[in-house]
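Working notes for the structure below.
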Amino acid sequence: MAGSEDRSFEAMRLAARIAEDFRREIAVAERTPTASYAEVIKALRAPLPETGGDAVEIIENLNRLAREGLRSPSAPRFFGWVMGGSHLTGVAADFLTSAWGQNTGNVQVSPSGSAFEAVVVDWILELLDLPRSASVGVVTGATVANFVGLSAARSSQLAKQGWDVEADGLYGAPPLRVLIGADAHTTVYGALKFLGLGAKRVREIATDDLGRMLPSDFERALGEDDAPAIAIGQCGQINTGASDPFAEIAPMAREAGAWLHVDSAFGLWSRSSPKLKHLAEGLDLADSWAVDGHKWLQTPYDCGFAIVRDVEAHRRAMSFSASYLPVADTSERNPSDYVPELSRRARGFAAWAMIRQLGRDGIARMVESNVDVAQAMATSMAQIDGVELVCPVELNQFMVRIGDTDEVAEGDRLTLATVEQLQRDAMAFAGPAQWRGRWVIRFSVISAATTPEDGDMTVEALRKAWETVRNAN
Ligand SMILES: *Cc1c(COP(=O)(O)O)cnc(C)c1O
């Protein structure tokens, strides 16, 4: 037995070496997967192993079989989707989290896992300047954070009508209305689906060119019906980076007795910067917020925060009890009281490590630098002949369209060909998206690793990709 344990420790050291090699490699070079899903599966498919194996060999094989199909969201010129950089300090803390094997459901099962989370959530409220008395669930990401915030919203709005949704469910419950911006993120509709509120049973609020709710339509919608409402706002639209006009809509929601939930997966981090804070003014008047750790905080996957002003509604919606589960006293915080899971990863260690690594000032400077780089990239790209900036840069997300043609189909074709070429050239990575019925190339600048030079190199990469496409046409 001792022999196989030694092999497992050797495998851990090997894993650390493989991790270091990978991160050194992608720190200087963009790395687009050289194997497709089908190719990885082909190499991987094997009969179910009947007998055990050797730990070192297993990790060697894992590396060999996975390597070619790995993407590199942590590379400095990775601008695809909206993905943070899995900072190495967070990764190191995450190694320990796995090795320590803490099941962080409550304070007795893991005193340290619970305590680190308790400190992290206080720091998060301070960093984002949200009500210090709010409760925070540490979850897998904004998808689940939206679910948690909207669970509390459902609980509170029905409790006000004398209905206990936790006990009695939705059968026969008084109706709730849901108001949502027309450019909301798909995961919010997912949360409505899970909660029995219905992804289609919503009143969509008209939005402007940047995807921001029109306050006049929001006001109209609030007045259309007397049923209690849940309003869902957004801070950081994935295509434009823009935020709803919270200074206008949050007081309206309050006045009407609506619960305002904000999907702010990355945009909420603008509040960490004194320079950018004005972009989300009034957002602190909302009732719940969803934000990711694995986007702008650069924690490894996965990490998100569900923040709720009404602690009782949050706990009512999420907590459960059993004789063998310890009840926290008033000085303690049981992590599982604020999330849907019981057994869970100790995400507080990596989040703590990242906040310690960057500090308040470092987080603000990273966010500001990403926004500056996005602005500079967009400005330079717009100067390339045949490249159009789709809308002004509000934050860190922006879109370009290729081809300089009024013909939609031709513009779509050239845009898609250029983004494919950009990915093939593998100097930088960005992906296609649709906005207002047209294909665009979308850039998301959201990594601590990205420098202004990376921005310049990416502008050149786009110029070259577009030139290749133009010469081939
Ligand atoms: C990323 C994102 C989500 C989903 O978050 P996950 O971390 O993928 O769970 C929701 N809303 C917005 C605006 C996002 O950017």
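The values are calculated or read from the model by the stated rules, or taken from the named source; none is laboratory data. This one's a predicted model, so the numbers in the text were calculated from it and none came from an experiment. In this analysis, Cβ positions are derived from the backbone assuming ideal geometry, glycine residues included, and neighbour counts consider all displayed protein chains.
Tabulated data for the structure shown
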| read-out | value |
| --- | --- |
| Tally, over region 232-282, of residues that are part of a loop (DSSP other than H, G, I, E, B) and either under 19 Å from residue 154 (Cβ atoms) or within 13 Å of the ligand (Cβ to nearest atom) (or both) | 14 |
| Single residue of region 98-115 satisfying the filter (modelled with pLDDT of 95 or more and surrounded by fewer than 19 Cβ atoms within 10 Å (Cβ to Cβ)) that is nearest to residue 315 (Cα to Cα) | 115 |
| Members of region 58-97 found to be among the polar types (S, T, N, Q), modelled with pLDDT of 95 or more and over 19 Å from residue 356 (Cβ atoms), listed by number | 61, 63 |
| Which listed residue, of 331, 336, is without any contact (Cβ under 8 Å) to a residue 60 or more places away in the chain and within 22 Å of residue 102 (Cβ to Cβ) | 331 |
| Positions within region 347-388 being of a type in the set (Asp, Glu) and in contact with a Ser or Thr (Cβ under 9 Å, 6 or more places away or on another chain), in sequence order | 368 |
| Test: residue 247 is closer than 25 Å to residue 292 by Cβ, of a type outside the set (Lys, Arg), under 24 Å from the mean Cα position of the chain (by Cα) and surrounded by fewer than 22 Cβ atoms within 10 Å (Cβ to Cβ) | yes |
| Meets criteria (touching a residue at least 12 places away in the same chain (Cβ under 8 Å) and not hydrophobic (A, V, I, L, M, F, W, C)) for residue 413 | no |
| Residue count for region 127-141, restricted to those that are touching a residue at least 60 places away in the same chain (Cβ under 8 Å), more than 16 Å from the ligand (Cβ to nearest atom) and not in a strand (DSSP E or B) | 6 |
| Pairs where the first residue, in region 209-234, is in contact (Cβ under 8 Å) with a residue 12 or more places away in the chain and the second is of a type in the set (Val, Ile, Thr) and part of a loop (DSSP other than H, G, I, E, B), C-beta under 7 Å, 6+ apart | 210/240; 211/240 |
| Residue tally, condition farther than 25 Å from residue 339 by Cβ, touching an Asp or Glu at 6+ places or on another chain (Cβ under 8 Å) and assigned to a loop (DSSP other than H, G, I, E, B), over region 167-207 | 2 |
| Cβ-Cβ under 9 Å pairs, at least 6 apart or on other chains, region 379-396 side more than 17 Å from residue 436 (Cβ to Cβ) and surrounded by 16 or more Cβ atoms within 10 Å (Cβ to Cβ), far side hydrophobic (A, V, I, L, M, F, W, C) and modelled with pLDDT under 95 | 395/279 |
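Results for (1) crowded, with 24+ Cβ neighbours inside 10 Å; (2) hydroxyl-bearing (Ser, Thr, Tyr); (3) in a loop (DSSP other than H, G, I, E, B); (4) within 15 Å of the ligand (Cβ to nearest atom), shown as yes or no for each residue.
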residue	(1), (2), (3), (4)
284	no, no, no, no
305	yes, no, no, yes
323	no, yes, yes, no
326	no, no, yes, no
